[in-house]
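Single-structure report; data block below.
The values are calculated or read from the model by the stated rules, or taken from the named source; none is laboratory data. Model, not experiment: these values are computed from the prediction. Ideal geometry is used to build each Cβ from the backbone, glycine not excepted, and the neighbour counts take in all protein chains shown.
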There are 2 protein chains.
Amino acid sequence: MSLGGLQRSRYLLIIDKIKQDIESGYLQPGEKLPSENKLAKKLGVSRTTLREALRILEEEGVVVRRHGIGTFINKKPVFYNGIEELTSITEMIEKEGKVAGNRILFSDFVTPIAQDKDVLNLKDDELVFLVKRVRTADGSPVIYCIDKIPAHIVPDDAIQDNESIFDFLEKEGDVTINYATAVIETIGYHEEISKILDCDQESPLLILKQTHFDMNDQPVLYSINFFRADQFSFSVFRKRVNF
Amino acid sequence: MSLGGLQRSRYLLIIDKIKQDIESGYLQPGEKLPSENKLAKKLGVSRTTLREALRILEEEGVVVRRHGIGTFINKKPVFYNGIEELTSITEMIEKEGKVAGNRILFSDFVTPIAQDKDVLNLKDDELVFLVKRVRTADGSPVIYCIDKIPAHIVPDDAIQDNESIFDFLEKEGDVTINYATAVIETIGYHEEISKILDCDQESPLLILKQTHFDMNDQPVLYSINFFRADQFSFSVFRKRVNF
DNA sequence: ACGGATTTGTTCGTATGTATA
DNA sequence: CTATACATACGAACAAATCCG
(Lines give C-alpha, C1' and ligand atoms only; values in the text may rest on other atoms or scores of the structure.)
Protein backbone atom coordinates (compact mmCIF):
# COMPACT_ATOMS: atom_id res chain seq x y z
CA MET A 1 0.00 0.00 0.00
CA SER A 2 2.33 2.71 -1.23
CA LEU A 3 1.68 6.37 -0.67
CA GLY A 4 3.16 7.18 -4.04
CA GLY A 5 4.66 10.62 -4.37
CA LEU A 6 2.59 11.93 -1.47
CA GLN A 7 4.78 14.22 0.56
CA ARG A 8 2.09 15.09 3.09
CA SER A 9 1.07 12.17 5.24
CA ARG A 10 -2.49 10.97 5.38
CA TYR A 11 -3.33 12.13 8.85
CA LEU A 12 -2.25 15.66 7.89
CA LEU A 13 -4.50 15.48 4.85
CA ILE A 14 -7.39 14.41 7.09
CA ILE A 15 -6.68 17.39 9.36
CA ASP A 16 -6.70 19.70 6.36
CA LYS A 17 -9.93 18.24 5.10
CA ILE A 18 -11.77 18.56 8.40
CA LYS A 19 -10.57 22.12 8.92
CA GLN A 20 -11.61 22.94 5.39
CA ASP A 21 -15.04 21.44 5.96
CA ILE A 22 -15.42 23.69 8.98
CA GLU A 23 -14.33 26.76 7.01
CA SER A 24 -16.75 25.98 4.21
CA GLY A 25 -19.58 25.50 6.68
CA TYR A 26 -20.09 21.86 5.72
CA LEU A 27 -19.28 21.02 9.32
CA GLN A 28 -21.06 23.25 11.82
CA PRO A 29 -19.82 24.21 15.30
CA GLY A 30 -21.20 21.79 17.87
CA GLU A 31 -21.99 19.20 15.23
CA LYS A 32 -21.32 15.57 16.00
CA LEU A 33 -18.99 13.74 13.66
CA PRO A 34 -19.77 10.22 12.48
CA SER A 35 -18.29 7.51 14.69
CA GLU A 36 -14.59 6.85 14.23
CA ASN A 37 -15.31 3.56 12.48
CA LYS A 38 -17.71 5.09 9.98
CA LEU A 39 -15.65 8.21 9.40
CA ALA A 40 -12.51 6.18 8.86
CA LYS A 41 -14.28 4.06 6.31
CA LYS A 42 -15.74 7.10 4.57
CA LEU A 43 -12.37 8.81 4.38
CA GLY A 44 -10.68 5.66 3.21
CA VAL A 45 -8.13 5.47 6.05
CA SER A 46 -7.67 3.21 9.01
CA ARG A 47 -9.14 4.14 12.33
CA THR A 48 -5.59 4.59 13.69
CA THR A 49 -4.85 7.25 11.12
CA LEU A 50 -8.13 9.01 11.72
CA ARG A 51 -7.51 8.96 15.46
CA GLU A 52 -4.08 10.51 14.99
CA ALA A 53 -5.74 13.34 13.08
CA LEU A 54 -8.48 13.73 15.68
CA ARG A 55 -5.92 13.73 18.47
CA ILE A 56 -4.15 16.69 16.95
CA LEU A 57 -7.40 18.47 16.15
CA GLU A 58 -8.41 18.05 19.78
CA GLU A 59 -5.03 19.35 20.92
CA GLU A 60 -5.59 22.38 18.72
CA GLY A 61 -9.05 22.86 20.17
CA VAL A 62 -10.85 22.25 16.90
CA VAL A 63 -12.81 19.23 18.07
CA VAL A 64 -13.87 17.84 21.44
CA ARG A 65 -13.97 14.11 22.10
CA ARG A 66 -16.20 12.56 24.73
CA HIS A 67 -15.70 8.98 25.76
CA GLY A 68 -18.70 6.88 24.89
CA ILE A 69 -20.55 9.80 23.29
CA GLY A 70 -18.79 11.01 20.22
CA THR A 71 -16.57 13.63 18.65
CA PHE A 72 -17.85 17.16 18.15
CA ILE A 73 -16.77 20.28 16.33
CA ASN A 74 -15.85 22.80 19.00
CA LYS A 75 -18.52 25.40 19.59
CA LYS A 76 -16.07 28.04 20.66
CA PRO A 77 -14.02 29.98 18.16
CA VAL A 78 -10.62 28.40 18.33
CA PHE A 79 -8.08 30.56 20.01
CA TYR A 80 -5.82 31.18 17.08
CA ASN A 81 -2.66 33.19 17.12
CA GLY A 82 -2.10 33.14 20.84
CA ILE A 83 1.30 34.21 22.06
CA GLU A 84 2.18 30.56 22.78
CA GLU A 85 2.27 29.96 19.05
CA LEU A 86 5.65 31.10 17.84
CA THR A 87 5.47 33.34 14.82
CA SER A 88 7.67 36.10 13.52
CA ILE A 89 6.80 39.75 13.98
CA THR A 90 6.20 39.94 10.26
CA GLU A 91 3.54 37.26 10.52
CA MET A 92 1.99 38.97 13.54
CA ILE A 93 1.54 42.20 11.64
CA GLU A 94 0.35 40.53 8.47
CA LYS A 95 -2.24 38.50 10.37
CA GLU A 96 -3.76 41.83 11.39
CA GLY A 97 -4.25 42.46 7.70
CA LYS A 98 -1.62 45.14 7.54
CA VAL A 99 1.52 45.58 5.50
CA ALA A 100 4.68 44.85 7.49
CA GLY A 101 7.62 47.17 7.01
CA ASN A 102 11.08 47.61 8.40
CA ARG A 103 13.45 50.46 9.17
CA ILE A 104 16.90 49.41 10.27
CA LEU A 105 18.49 51.78 12.75
CA PHE A 106 21.66 49.85 13.43
CA SER A 107 23.20 46.58 12.36
CA ASP A 108 26.72 45.39 13.05
CA PHE A 109 28.87 43.04 15.08
CA VAL A 110 29.38 44.28 18.62
CA THR A 111 30.92 43.08 21.86
CA PRO A 112 28.24 41.32 23.90
CA ILE A 113 27.29 42.39 27.39
CA ALA A 114 27.41 39.86 30.22
CA GLN A 115 23.72 39.06 29.91
CA ASP A 116 24.08 38.23 26.21
CA LYS A 117 26.92 35.82 26.93
CA ASP A 118 24.76 34.09 29.46
CA VAL A 119 21.56 33.96 27.45
CA LEU A 120 23.14 33.04 24.12
CA ASN A 121 25.70 30.71 25.62
CA LEU A 122 28.55 32.51 23.84
CA LYS A 123 32.12 31.33 23.63
CA ASP A 124 34.88 33.64 24.92
CA ASP A 125 35.47 36.64 22.69
CA GLU A 126 32.61 35.68 20.41
CA LEU A 127 30.83 38.75 19.07
CA VAL A 128 27.11 39.18 18.60
CA PHE A 129 25.39 40.56 15.57
CA LEU A 130 23.15 43.35 16.83
CA VAL A 131 20.20 44.66 14.87
CA LYS A 132 18.02 47.53 16.02
CA ARG A 133 15.05 48.37 13.92
CA VAL A 134 11.56 49.75 13.84
CA ARG A 135 8.77 47.57 12.51
CA THR A 136 5.92 49.31 10.81
CA ALA A 137 2.33 48.32 10.13
CA ASP A 138 0.84 50.08 7.12
CA GLY A 139 3.72 52.52 7.35
CA SER A 140 3.38 53.66 10.95
CA PRO A 141 5.89 52.53 13.57
CA VAL A 142 4.46 50.01 16.03
CA ILE A 143 7.30 47.84 17.35
CA TYR A 144 10.89 48.56 18.30
CA CYS A 145 13.09 45.47 17.98
CA ILE A 146 16.48 44.58 19.31
CA ASP A 147 17.86 41.29 17.97
CA LYS A 148 21.09 39.64 18.99
CA ILE A 149 22.57 36.66 17.15
CA PRO A 150 25.81 34.80 17.94
CA ALA A 151 28.47 35.72 15.35
CA HIS A 152 29.18 32.12 14.34
CA ILE A 153 25.76 31.59 12.82
CA VAL A 154 25.56 34.89 10.98
CA PRO A 155 26.63 34.69 7.34
CA ASP A 156 28.95 37.35 6.02
CA ASP A 157 26.40 39.41 4.17
CA ALA A 158 24.49 41.81 6.37
CA ILE A 159 20.78 41.63 6.89
CA GLN A 160 18.50 42.78 4.13
CA ASP A 161 15.78 45.35 4.45
CA ASN A 162 12.24 44.15 4.87
CA GLU A 163 13.46 40.74 5.83
CA SER A 164 12.23 38.69 8.74
CA ILE A 165 15.03 37.63 11.08
CA PHE A 166 13.32 34.25 11.10
CA ASP A 167 13.56 33.85 7.35
CA PHE A 168 17.00 35.39 7.29
CA LEU A 169 18.39 32.88 9.79
CA GLU A 170 16.69 29.96 8.16
CA LYS A 171 17.70 30.79 4.61
CA GLU A 172 21.17 32.24 5.11
CA GLY A 173 22.19 30.98 8.52
CA ASP A 174 21.28 27.34 8.11
CA VAL A 175 19.40 27.12 11.38
CA THR A 176 15.76 26.38 12.11
CA ILE A 177 14.07 28.05 15.02
CA ASN A 178 12.12 25.49 16.97
CA TYR A 179 10.77 27.21 20.06
CA ALA A 180 11.31 30.20 22.30
CA THR A 181 10.97 31.11 25.92
CA ALA A 182 9.41 34.49 26.41
CA VAL A 183 8.87 36.90 29.26
CA ILE A 184 6.26 39.61 29.05
CA GLU A 185 6.89 42.86 30.89
CA THR A 186 5.78 46.42 30.57
CA ILE A 187 7.34 49.83 30.86
CA GLY A 188 5.59 53.17 31.20
CA TYR A 189 7.79 55.34 29.11
CA HIS A 190 11.16 55.03 27.44
CA GLU A 191 13.01 58.21 26.60
CA GLU A 192 14.25 57.01 23.22
CA ILE A 193 11.88 54.25 22.19
CA SER A 194 8.61 55.98 23.04
CA LYS A 195 9.75 58.85 20.86
CA ILE A 196 10.59 56.58 17.94
CA LEU A 197 7.27 54.77 18.23
CA ASP A 198 5.60 58.15 18.36
CA CYS A 199 3.64 57.58 21.55
CA ASP A 200 3.20 59.97 24.42
CA GLN A 201 3.89 59.58 28.10
CA GLU A 202 0.42 58.23 28.74
CA SER A 203 0.66 55.10 26.62
CA PRO A 204 2.99 52.44 27.96
CA LEU A 205 4.90 49.74 26.08
CA LEU A 206 4.57 45.99 26.25
CA ILE A 207 7.92 44.23 26.23
CA LEU A 208 8.47 40.72 24.90
CA LYS A 209 11.89 39.34 25.76
CA GLN A 210 12.57 36.11 23.93
CA THR A 211 15.25 33.50 23.67
CA HIS A 212 14.90 31.41 20.53
CA PHE A 213 16.27 27.88 20.30
CA ASP A 214 17.08 25.75 17.28
CA MET A 215 16.40 22.05 16.76
CA ASN A 216 19.38 21.14 18.91
CA ASP A 217 18.21 23.25 21.85
CA GLN A 218 20.95 25.79 21.18
CA PRO A 219 20.07 29.48 21.69
CA VAL A 220 20.34 31.26 18.35
CA LEU A 221 18.51 34.54 18.82
CA TYR A 222 17.80 36.81 21.74
CA SER A 223 15.31 39.51 20.99
CA ILE A 224 13.69 42.31 22.93
CA ASN A 225 10.58 43.76 21.37
CA PHE A 226 8.75 46.89 22.49
CA PHE A 227 5.12 47.00 21.39
CA ARG A 228 2.85 50.02 21.40
CA ALA A 229 0.30 48.94 23.99
CA ASP A 230 -2.53 50.72 22.23
CA GLN A 231 -1.91 48.60 19.13
CA PHE A 232 -1.02 45.22 20.58
CA SER A 233 -2.13 42.81 23.25
CA PHE A 234 -1.12 39.20 23.78
CA SER A 235 -3.58 36.37 24.12
CA VAL A 236 -2.89 33.10 25.87
CA PHE A 237 -4.82 29.91 26.22
CA ARG A 238 -4.46 28.77 29.81
CA LYS A 239 -4.91 25.08 30.48
CA ARG A 240 -5.66 23.46 33.80
CA VAL A 241 -3.00 20.88 34.49
CA ASN A 242 -3.43 19.71 38.07
CA PHE A 243 -6.49 17.49 38.20
CA MET B 1 -4.84 -10.64 26.83
CA SER B 2 -6.64 -9.11 29.79
CA LEU B 3 -5.28 -6.20 31.75
CA GLY B 4 -6.83 -7.57 34.89
CA GLY B 5 -7.83 -5.05 37.51
CA LEU B 6 -5.37 -2.45 36.25
CA GLN B 7 -6.99 0.91 36.75
CA ARG B 8 -4.10 2.89 35.29
CA SER B 9 -3.44 2.15 31.65
CA ARG B 10 -0.11 0.82 30.49
CA TYR B 11 1.10 3.88 28.68
CA LEU B 12 0.51 5.93 31.83
CA LEU B 13 2.56 3.43 33.81
CA ILE B 14 5.37 3.75 31.27
CA ILE B 15 5.24 7.54 31.62
CA ASP B 16 5.44 7.22 35.40
CA LYS B 17 8.37 4.84 35.17
CA ILE B 18 10.40 7.03 32.83
CA LYS B 19 9.76 10.15 34.89
CA GLN B 20 10.73 8.24 37.99
CA ASP B 21 13.93 7.04 36.36
CA ILE B 22 14.79 10.65 35.59
CA GLU B 23 14.06 11.72 39.16
CA SER B 24 16.21 8.96 40.58
CA GLY B 25 19.04 9.85 38.24
CA TYR B 26 18.98 6.47 36.50
CA LEU B 27 18.23 8.41 33.32
CA GLN B 28 20.43 11.46 32.82
CA PRO B 29 19.54 14.67 30.94
CA GLY B 30 20.66 14.40 27.33
CA GLU B 31 20.92 10.64 27.52
CA LYS B 32 19.73 8.56 24.58
CA LEU B 33 17.05 6.01 25.26
CA PRO B 34 17.24 2.53 23.74
CA SER B 35 15.49 2.24 20.38
CA GLU B 36 11.73 1.95 20.51
CA ASN B 37 11.84 -1.71 19.55
CA LYS B 38 14.31 -2.61 22.27
CA LEU B 39 12.70 -0.44 24.91
CA ALA B 40 9.25 -1.80 24.13
CA LYS B 41 10.57 -5.33 24.48
CA LYS B 42 12.36 -4.50 27.71
CA LEU B 43 9.27 -2.90 29.20
CA GLY B 44 7.05 -5.71 28.02
CA VAL B 45 4.67 -3.58 25.96
CA SER B 46 4.07 -3.15 22.27
CA ARG B 47 5.86 -0.44 20.34
CA THR B 48 2.50 1.31 19.84
CA THR B 49 1.99 1.59 23.58
CA LEU B 50 5.53 2.79 24.19
CA ARG B 51 5.13 5.38 21.45
CA GLU B 52 1.94 6.69 23.03
CA ALA B 53 3.89 7.23 26.26
CA LEU B 54 6.80 8.87 24.41
CA ARG B 55 4.39 11.11 22.51
CA ILE B 56 3.01 12.52 25.74
CA LEU B 57 6.44 12.81 27.31
CA GLU B 58 7.57 14.79 24.27
CA GLU B 59 4.47 16.97 24.51
CA GLU B 60 5.37 17.67 28.12
CA GLY B 61 8.92 18.52 27.12
CA VAL B 62 10.44 15.61 29.04
CA VAL B 63 11.99 13.88 26.04
CA VAL B 64 13.03 14.95 22.56
CA ARG B 65 12.63 12.64 19.58
CA ARG B 66 14.71 12.89 16.43
CA HIS B 67 13.74 11.07 13.28
CA GLY B 68 16.36 8.54 12.32
CA ILE B 69 18.48 9.26 15.38
CA GLY B 70 16.71 8.40 18.57
CA THR B 71 14.90 9.61 21.64
CA PHE B 72 16.67 11.66 24.29
CA ILE B 73 15.97 12.92 27.78
CA ASN B 74 15.58 16.69 27.49
CA LYS B 75 18.58 18.65 28.63
CA LYS B 76 16.60 21.75 29.43
CA PRO B 77 14.60 22.14 32.59
CA VAL B 78 10.98 21.91 31.58
CA PHE B 79 9.34 25.28 31.47
CA TYR B 80 7.20 25.18 34.57
CA ASN B 81 4.73 27.73 35.76
CA GLY B 82 4.39 29.72 32.57
CA ILE B 83 1.26 31.79 32.13
CA GLU B 84 -0.19 29.07 29.88
CA GLU B 85 -0.53 26.88 32.93
CA LEU B 86 -3.73 27.90 34.63
CA THR B 87 -3.32 28.54 38.33
CA SER B 88 -5.09 30.76 40.77
CA ILE B 89 -3.65 34.06 41.95
CA THR B 90 -3.17 32.49 45.36
CA GLU B 91 -0.95 29.82 43.85
CA MET B 92 0.97 32.41 41.85
CA ILE B 93 1.86 34.36 44.95
CA GLU B 94 2.63 31.30 47.03
CA LYS B 95 4.94 29.92 44.34
CA GLU B 96 7.01 33.06 44.83
CA GLY B 97 7.46 31.93 48.41
CA LYS B 98 5.26 34.66 49.82
CA VAL B 99 2.17 34.65 51.94
CA ALA B 100 -0.98 35.38 49.95
CA GLY B 101 -3.54 37.67 51.50
CA ASN B 102 -6.84 39.21 50.58
CA ARG B 103 -8.71 42.45 51.23
CA ILE B 104 -12.24 42.55 49.90
CA LEU B 105 -13.34 46.00 48.79
CA PHE B 106 -16.74 45.11 47.45
CA SER B 107 -18.83 41.99 47.00
CA ASP B 108 -22.46 41.83 45.99
CA PHE B 109 -24.87 40.99 43.20
CA VAL B 110 -25.05 43.75 40.60
CA THR B 111 -26.62 44.37 37.22
CA PRO B 112 -24.17 43.28 34.51
CA ILE B 113 -22.93 45.63 31.83
CA ALA B 114 -23.33 44.69 28.19
CA GLN B 115 -19.81 43.23 27.98
CA ASP B 116 -20.46 40.93 30.94
CA LYS B 117 -23.63 39.60 29.32
CA ASP B 118 -21.67 38.83 26.22
CA VAL B 119 -18.61 37.31 27.83
CA LEU B 120 -20.43 35.28 30.47
CA ASN B 121 -23.28 34.32 28.17
CA LEU B 122 -25.87 35.57 30.68
CA LYS B 123 -29.61 35.03 30.45
CA ASP B 124 -31.89 38.08 30.43
CA ASP B 125 -32.09 39.82 33.80
CA GLU B 126 -29.53 37.49 35.31
CA LEU B 127 -27.34 39.30 37.81
CA VAL B 128 -23.61 38.85 38.28
CA PHE B 129 -21.81 38.46 41.55
CA LEU B 130 -19.10 41.12 41.56
CA VAL B 131 -16.06 40.93 43.80
CA LYS B 132 -13.42 43.63 43.96
CA ARG B 133 -10.43 42.96 46.09
CA VAL B 134 -6.78 43.59 46.65
CA ARG B 135 -4.42 40.65 46.79
CA THR B 136 -1.39 40.98 48.98
CA ALA B 137 1.98 39.24 49.03
CA ASP B 138 3.59 39.24 52.45
CA GLY B 139 1.13 41.95 53.42
CA SER B 140 1.78 44.49 50.68
CA PRO B 141 -0.76 45.05 47.92
CA VAL B 142 0.35 43.68 44.53
CA ILE B 143 -2.73 42.78 42.50
CA TYR B 144 -6.13 44.41 42.10
CA CYS B 145 -8.79 41.90 41.10
CA ILE B 146 -12.24 42.22 39.66
CA ASP B 147 -14.16 38.96 39.45
CA LYS B 148 -17.58 38.46 37.92
CA ILE B 149 -19.59 35.27 38.30
CA PRO B 150 -23.05 34.51 36.88
CA ALA B 151 -25.61 34.59 39.69
CA HIS B 152 -26.93 31.10 39.02
CA ILE B 153 -23.71 29.41 40.03
CA VAL B 154 -23.07 31.46 43.15
CA PRO B 155 -24.36 29.86 46.34
CA ASP B 156 -26.28 31.99 48.78
CA ASP B 157 -23.52 32.55 51.28
CA ALA B 158 -21.13 35.32 50.34
CA ILE B 159 -17.48 34.77 49.63
CA GLN B 160 -15.16 34.20 52.53
CA ASP B 161 -12.06 36.19 53.31
CA ASN B 162 -8.74 34.78 52.22
CA GLU B 163 -10.45 32.37 49.93
CA SER B 164 -9.43 31.65 46.38
CA ILE B 165 -12.22 32.18 43.88
CA PHE B 166 -11.09 28.93 42.32
CA ASP B 167 -11.54 26.94 45.48
CA PHE B 168 -14.69 28.83 46.34
CA LEU B 169 -16.35 27.97 43.04
CA GLU B 170 -15.22 24.39 43.12
CA LYS B 171 -16.24 23.72 46.71
CA GLU B 172 -19.41 25.77 47.01
CA GLY B 173 -20.45 26.35 43.44
CA ASP B 174 -20.19 22.81 42.15
CA VAL B 175 -18.21 23.77 39.05
CA THR B 176 -14.72 22.83 37.94
CA ILE B 177 -12.67 25.35 36.05
CA ASN B 178 -11.09 23.63 33.10
CA TYR B 179 -9.35 26.33 31.07
CA ALA B 180 -9.30 30.04 30.43
CA THR B 181 -8.69 32.39 27.58
CA ALA B 182 -6.57 35.34 28.57
CA VAL B 183 -5.55 38.64 27.07
CA ILE B 184 -2.54 40.53 28.35
CA GLU B 185 -2.59 44.29 28.15
CA THR B 186 -0.97 47.13 29.98
CA ILE B 187 -1.96 50.51 31.28
CA GLY B 188 0.28 53.34 32.36
CA TYR B 189 -1.61 54.69 35.28
CA HIS B 190 -5.04 54.21 36.77
CA GLU B 191 -6.41 56.93 38.99
CA GLU B 192 -7.93 54.60 41.54
CA ILE B 193 -6.06 51.32 41.16
CA SER B 194 -2.54 52.71 41.06
CA LYS B 195 -3.30 54.45 44.33
CA ILE B 196 -4.59 51.30 45.96
CA LEU B 197 -1.57 49.31 44.78
CA ASP B 198 0.61 52.10 46.09
CA CYS B 199 2.56 52.69 42.91
CA ASP B 200 3.45 56.02 41.35
CA GLN B 201 2.82 57.40 37.90
CA GLU B 202 6.09 55.94 36.61
CA SER B 203 5.31 52.27 37.15
CA PRO B 204 2.63 50.87 34.84
CA LEU B 205 0.27 47.95 35.42
CA LEU B 206 0.01 44.64 33.61
CA ILE B 207 -3.57 43.62 32.98
CA LEU B 208 -4.71 40.02 32.65
CA LYS B 209 -8.27 39.73 31.40
CA GLN B 210 -9.52 36.17 31.64
CA THR B 211 -12.62 34.20 30.81
CA HIS B 212 -12.72 30.90 32.67
CA PHE B 213 -14.65 27.92 31.36
CA ASP B 214 -15.93 24.82 33.09
CA MET B 215 -15.85 21.23 31.86
CA ASN B 216 -18.85 21.89 29.63
CA ASP B 217 -17.23 24.87 27.93
CA GLN B 218 -19.55 27.24 29.77
CA PRO B 219 -18.08 30.55 30.97
CA VAL B 220 -18.20 30.68 34.75
CA LEU B 221 -15.85 33.49 35.72
CA TYR B 222 -14.67 36.67 34.10
CA SER B 223 -11.81 38.32 35.87
CA ILE B 224 -9.70 41.38 35.31
CA ASN B 225 -6.44 41.49 37.23
CA PHE B 226 -4.12 44.45 37.54
CA PHE B 227 -0.55 43.49 38.45
CA ARG B 228 2.17 45.80 39.68
CA ALA B 229 4.61 45.59 36.77
CA ASP B 230 7.63 45.93 39.02
CA GLN B 231 6.57 42.81 40.90
CA PHE B 232 5.22 40.59 38.14
CA SER B 233 6.03 39.45 34.65
CA PHE B 234 4.51 36.60 32.63
CA SER B 235 6.51 33.88 30.98
CA VAL B 236 5.34 31.87 28.00
CA PHE B 237 6.73 28.88 26.18
CA ARG B 238 6.32 29.58 22.49
CA LYS B 239 6.17 26.56 20.20
CA ARG B 240 6.79 26.55 16.48
CA VAL B 241 3.79 25.01 14.79
CA ASN B 242 4.16 25.57 11.06
CA PHE B 243 7.08 23.44 9.89
C1' DA C 1 29.78 9.08 -3.09
C1' DC C 2 27.23 5.02 -2.17
C1' DG C 3 24.83 1.41 0.36
C1' DG C 4 23.31 -0.88 4.10
C1' DA C 5 22.04 -0.69 9.04
C1' DT C 6 19.58 1.72 12.51
C1' DT C 7 15.89 4.51 14.28
C1' DT C 8 11.80 7.08 14.34
C1' DG C 9 7.44 8.13 11.54
C1' DT C 10 3.23 6.52 9.37
C1' DT C 11 -0.34 3.28 8.37
C1' DC C 12 -2.94 -0.77 8.49
C1' DG C 13 -5.91 -4.47 10.77
C1' DT C 14 -7.76 -6.37 14.78
C1' DA C 15 -9.19 -7.17 19.54
C1' DT C 16 -10.62 -5.82 23.96
C1' DG C 17 -11.76 -2.35 27.70
C1' DT C 18 -14.72 1.29 29.42
C1' DA C 19 -18.06 5.05 29.45
C1' DT C 20 -22.55 6.62 28.01
C1' DA C 21 -27.24 6.57 26.43
C1' DC D 1 -29.12 -5.01 29.67
C1' DT D 2 -27.63 -3.84 25.25
C1' DA D 3 -25.88 -1.13 21.65
C1' DT D 4 -22.84 2.52 20.46
C1' DA D 5 -18.68 5.12 20.65
C1' DC D 6 -14.30 6.33 22.20
C1' DA D 7 -9.87 4.42 24.67
C1' DT D 8 -6.24 1.26 24.94
C1' DA D 9 -3.38 -2.35 23.18
C1' DC D 10 -1.03 -5.67 20.14
C1' DG D 11 1.54 -6.95 15.94
C1' DA D 12 3.21 -6.08 11.42
C1' DA D 13 4.87 -3.63 7.47
C1' DC D 14 6.86 0.02 4.96
C1' DA D 15 8.60 5.02 4.58
C1' DA D 16 11.86 8.47 5.67
C1' DA D 17 15.81 10.37 8.07
C1' DT D 18 20.25 9.58 9.74
C1' DC D 19 24.65 7.41 10.42
C1' DC D 20 28.66 4.82 9.41
C1' DG D 21 31.87 2.00 6.95
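Residues in the stretch A:65-101 that are within 16 Å of DNA strand C (Cβ to nearest atom) and buried (at least 18 other Cβ atoms within 10 Å of the Cβ): A:THR71 alone.
Of all the criteria given as (1) in a loop (DSSP other than H, G, I, E, B); (2) more than 9 Å from chain B (Cβ to nearest Cβ), the one not satisfied by A:GLU202 is (2). A:ASN102 satisfies every condition listed in (1) in contact with a helix residue (DSSP H, G or I) (Cβ under 6 Å, 6 or more places away or on another chain); (2) of a type in the set (S, T, N, Q); (3) assigned by TED's automatic domain parsing to the domain that holds A:THR181 except (1). Condition check: among the basic types (Lys, Arg), within 8 Å of chain A (Cβ to nearest Cβ) and surrounded by 19 or more Cβ atoms within 10 Å (Cβ to Cβ). Does B:ARG238 satisfy that? Considered against the rule, which asks whether it is among the basic types (Lys, Arg), within 8 Å of chain A (Cβ to nearest Cβ) and surrounded by 19 or more Cβ atoms within 10 Å (Cβ to Cβ), B:ARG238 comes out as yes. Note on the stretch B:205-235: among residues that are surrounded by 19 or more Cβ atoms within 10 Å (Cβ to Cβ) and outside any strand (DSSP E or B), the one that is nearest to the other protein chains (Cβ to nearest Cβ) is B:ALA229.
Condition first: over 26 Å from the mean Cα position of the chain (by Cα), more than 16 Å from DNA strand D (Cβ to nearest atom), in contact (Cβ under 8 Å) with a residue 40 or more places away in the chain and surrounded by fewer than 17 Cβ atoms within 10 Å (Cβ to Cβ). Can you find one or more residues in the stretch B:109-123 that meet it?
yes
Here A:ILE22 meets the list (1) more than 9 Å from DNA strand C (Cβ to nearest atom); (2) among the aliphatic types (A, V, I, L, M); (3) touching a Ser or Thr at 6+ places or on another chain (Cβ under 8 Å) almost entirely, failing just condition (3).
Determine, yes or no, whether B:GLN28 is over 23 Å from B:LYS239 (Cβ atoms), in a helix (DSSP H, G or I) and more than 9 Å from DNA strand C (Cβ to nearest atom).
no
A single entry from A:ILE73, A:ILE89 fulfils the requirement of being over 26 Å from B:ARG51 (Cβ atoms), among the β-branched types (Val, Ile, Thr), away from chain B (no Cβ under 11 Å) and within 12 Å of DNA strand D (Cβ to nearest atom): A:ILE73. Inside the stretch B:173-199, residues that are farther than 17 Å from A:PHE234 by Cα, among the aliphatic types (A, V, I, L, M) and not in a loop (DSSP other than H, G, I, E, B) make up a count of 3. Among the residues of the stretch B:31-46, those that are within 7 Å of DNA strand C (Cβ to nearest atom) and surrounded by 14 or more Cβ atoms within 10 Å (Cβ to Cβ) comprise B:LEU33, B:GLU36.
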